[in-house]
Each structure stands twice: as C-alpha cells, then as structure tokens.
Amino acid sequence: MKKHGLIIINSFSYSEIFKNQTKRLSDEFEKLGVNIDIRRNCNIDVYLDNYNIVNNIKQYDFVVYLDKDKYAARMIEKSNQLIFNSPKALELCDDKIQTYIALTQNNIKMPKTIASPLRFYKTDIDDGSFIKKVAELLSFPLIVKGAFGSLGNKVFLAHNFEELQSLREKMIDIPHLYQEFIAESVGTDTRVIVIGNIVRAAMIRKSETDFRSNIELGGKGYPVVLKESFIEMAQKTSKILGLDYCGIDILTDSQGNPVLCEVNSNAFFNTIEKVSNVNVAGFYARHIFDKVYKN
C-alpha cells in the first residue's frame, strides 16, 4: 500500500528555521517509505459548506500540523482524518492560561499566576484596583505575559509598580497574565522534547543578555543530563495535555526542583538536535508511523 502524508505549514511565517523543521520531518518520513507533501494553510483545503465539512486533503493517511490555526485543525479532525498534534492539544498549548489551568491539581509545580480580566471597549474605565491587587499578590520583579505568543515575544519583566502600570496599559486589550518571577532561573531554562509521552532530548538554554532564554532571542543551548524529577514532570505534562510531540520549558527553583514554565506543541528542534545529538525528527516520524500504520 502506498503511504502518503501531509505537512501543513503557516502561510505567512516560513523562515529558514521553519523550512529546516519541515525538511527534516519530510526526510525522516521518506526513510520510512512515506511520501510527504507540504501545503500552506492559505490553500483553503478544508471549509464549511451548508451541512458538511469539505475536506480536499482526504487522500492523505495523516496530517502533521505545524501551525496554530485551530479552526482548520478542528475541521480536519471532525472529518475523521488523523492529525498530529490533536486540535485540543494545540489549543491548550497555544493559550498559556489554558495550559496552566489544565495542568493544575496534578502535582506539577508552576509559578503563581493571575489571569487578567479583559477590557472590551476603549471607553471602559480601569480604576486600577486590579493592578494594585496583582502587586500585592506578586512581589517585584514579576512577569507580564501574553496568553498567545511564541519565541519569547509578549513576555516582559516589570521591576516596579510604574513598569507594571505601563505594561498593563500595553496589554490590557489582549488576553494576558501576571506571573511570579523565578529569580533562580533568570536567563536560563531546560528545554525538554517529549514524543509519545517519552522524553527524547533535552538541553539547557542560557542567555547572557536577557531574562528570557529563547534561542531566537540570543540564547544558546548546552547538553544536560536530566534529573528524574524533570523527566517525570515533562512526561506527566505531555500526557495530561494529550500531546504526541511537544517542547516543555522548565525552570529551577532555589532547591533545584523543576518549575514548569511553558509548553509548545510545535517546538523547534533544530538546535536541540545539534546539542543533544538526538534525531528528534526521526523519533517523531517513527511515532506517527507506528500510530498510523501499526494500529
């Protein structure tokens, strides 16, 4: 039987990093005897028509969804086509507040987090009571973070009340949160790649110039041997969120214990493959292959 899969990418953001990610996956699938096509999400391959979902990509055995367009992903899933990751998992990871809510009460340590109420109209009046309460509950410095965003964007550090007020005004019209700052991990975190709920690769990320450790913001990756507590947290997190593949960012507290920072359902693996010498793309391709063709 001819094996054929599809990788869907974002139409408007396709940098060299994205291209490499896509090519690596495609090459690994080819090694397994699976032909891969690549399509952009602007092709309108799925849409609603009266009573039905029109799906023009049903000829593919599966879809690897390297995007965050939850609506198209939901239509693909509802038309009974296999998709990796699942739309529900994509949505939980895309919205950081939803991520934290889903993971809470599962013995996974996370920073103290306050979700901001939204201002819906420019004429709405903010009397300042909310931000004063934030300052009472979270000591300075503290993190101000957009609920949606990647690569370290929309993540800010407020050192005092004046900076907090300024960031509040900047973010007030979009979903965002306020979070405890883990000082022991300034400029440093551990990126863990989990595939099929098994840790496959990890690295320490460090920045000498920024409180954020993202590689895209100048951080660098270094090899690491994970403690068992980090492995347990990463694998439990992946399982709870229903992820086939993810990158989990973990901070470290003053006692050396893991503190979950974020979960990325489409984490880049270019740097971590080089640092860890692990074929991440190969593990992901094999995981999908086994789920599609061996079940």
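Which pairs have Cβ atoms under 8 Å, sit 6 or more apart or on different chains, and link a residue in the stretch 13-29 that is not assigned by TED's automatic domain parsing to the domain that holds GLU216 to one that is of a type in the set (D, E, K, R) and buried (at least 17 other Cβ atoms within 10 Å of the Cβ)?
Final answer for the pair search is ARG24/GLU273; GLU28/ARG286.
Suppose we filter LEU25, LEU32 for residues that are surrounded by 15 or more Cβ atoms within 10 Å (Cβ to Cβ), hydrophobic (A, V, I, L, M, F, W, C), modelled with pLDDT of 95 or more and under 21 Å from the mean Cα position of the chain (by Cα); which single one remains? So that I can check it myself, show each step before the final result.
Details: LEU32 fails: under 21 Å from the mean Cα position of the chain (by Cα).
Unique residue meeting the criteria: LEU25.
Please specify each residue of the stretch 218-249 satisfying the condition of being closer than 24 Å to LEU90 by Cβ, assigned to a helix (DSSP H, G or I) and among the small types (Gly, Ala, Ser).
ALA234, SER238
Which of the residues that make up the stretch 182-214 are closer than 17 Å to LEU243 by Cβ and touching a residue at least 60 places away in the same chain (Cβ under 8 Å)? Lay out the reasoning, then the answer.
Pass one, the stretch 182-214, residues closer than 17 Å to LEU243 by Cβ: 191-202.
Hits for the stretch 182-214 are ARG191, ILE193, ILE195, GLY196, ARG200, ALA201, ALA202.
Can you tell me which residues in the stretch 86-109 are of a type outside the set (S, T, N, Q), assigned to a loop (DSSP other than H, G, I, E, B) and surrounded by fewer than 16 Cβ atoms within 10 Å (Cβ to Cβ)? Explain how you work it out, then say what you get.
Step one: filter the stretch 86-109 for residues of a type outside the set (S, T, N, Q), giving 87-97, 100-103, 108-109.
Imposing the further condition that a residue be assigned to a loop (DSSP other than H, G, I, E, B) reduces the set to 95, 108-109.
Scanning the stretch 86-109 gives a single hit, LYS109.
Can you tell me which residue is nearest to the chain's Cα centre (by Cα) among those in the stretch 143-166 that are surrounded by 15 or more Cβ atoms within 10 Å (Cβ to Cβ), outside any strand (DSSP E or B) and small (Gly, Ala, Ser)?
Taking the candidates together, the pick is SER150.
Within the group ILE231, ILE250, which residue is farther than 30 Å from LYS133 by Cα and modelled with pLDDT of 95 or more? Spell out the reasoning first.
Numbers: ILE250 fails: farther than 30 Å from LYS133 by Cα.
Within the list ILE231, ILE250, the selection yields ILE231.
Residues are listed down the side, and each one gets a yes or a no for (1) crowded, with 18+ Cβ neighbours inside 10 Å; (2) part of a loop (DSSP other than H, G, I, E, B); (3) of a type in the set (Val, Ile, Thr); (4) touching a Ser or Thr at 6+ places or on another chain (Cβ under 6 Å):
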residue	(1), (2), (3), (4)
ILE174	no, yes, yes, no
LEU177	yes, no, no, yes
ILE193	yes, no, yes, no
GLU208	no, yes, no, no
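The values are calculated or read from the model by the stated rules, or taken from the named source; none is laboratory data. Just so it is clear, the model here is predicted, and its values are computed rather than measured. Heads up, the Cβs are rebuilt from the backbone with ideal geometry, glycines too, and the neighbour counts pull from every protein chain shown.
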